Amino acid sequence: MMADITVSEAWRRVGGDTQFIDVREDFEVADGMIPGARHISLSTLSARLGEIDRTRPAIAVCRSGNRSAQATDILWAAGYRVDNMGGGMLAWQQAGLPMDR
């Protein structure tokens, strides 16, 4: 598994080649997502791997970093280049970073 990255590092990668995979539930993403992120809940991730571009790096995101760590394990095992955003959206919001609503 890859190591956690900080929200600051994740923010630097928004808008670039990195794809953000938000693995929270529907009711959680209603509060806002990282700009450009794709919502694929953890419970559906294994069945939806084909929707994620294998040629681009990815960052898994959840509320606090726990579910995204599980998602990172799943994606890493399937051959994706992926990092986990430590602290999740709680840390993102605390840092005052922009969100799409």
Relative contact order (percent, whole number), the chain, Cα cutoff 8 Å, 6+ residue spacing: 37
Principal axis dimensions, the chain - Cα atoms, whole angstrom, descending: 33, 26, 22
³J(HN,Hα) computed for each position of segment 42-53 - Karplus, 6.51 cos²θ - 1.76 cosθ + 1.60, integer Hz, glycine/proline x: 3, 5, 10, 4, 4, 6, 10, 4, x, 7, 9, 5
Over the chain: helical MRE at 222 nm, DSSP H runs n ≥ 4 each giving -39500 (n - 2.57), nearest 500: -8500 deg cm²/dmol
Neighbourhood charge, 15 Å Cβ-Cβ cut-off, centred on Glu51 and excluding it, Lys, Arg +1 and Asp, Glu -1: +2
Max mean-square fluctuation residue, GNM over the chain, Cα-Cα springs under 10 Å, options Leu42, Leu75, Leu90: Leu90
Rounded tilt (10° steps) of 66-77 against the dominant C-alpha axis of the chain: 30
Among beta bridges that DSSP assigns inside the chain, antiparallel share in %, nearest 5: 10
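Taken together, the values in this text are just the output of simple stated rules run on the coordinates, not laboratory data. If you're wondering where the values come from, they're calculated on a predicted model, not measured in any experiment. For neighbour counting, all protein chains shown are included, and Cβ atoms are generated from backbone atoms with ideal geometry for every residue, glycine included.
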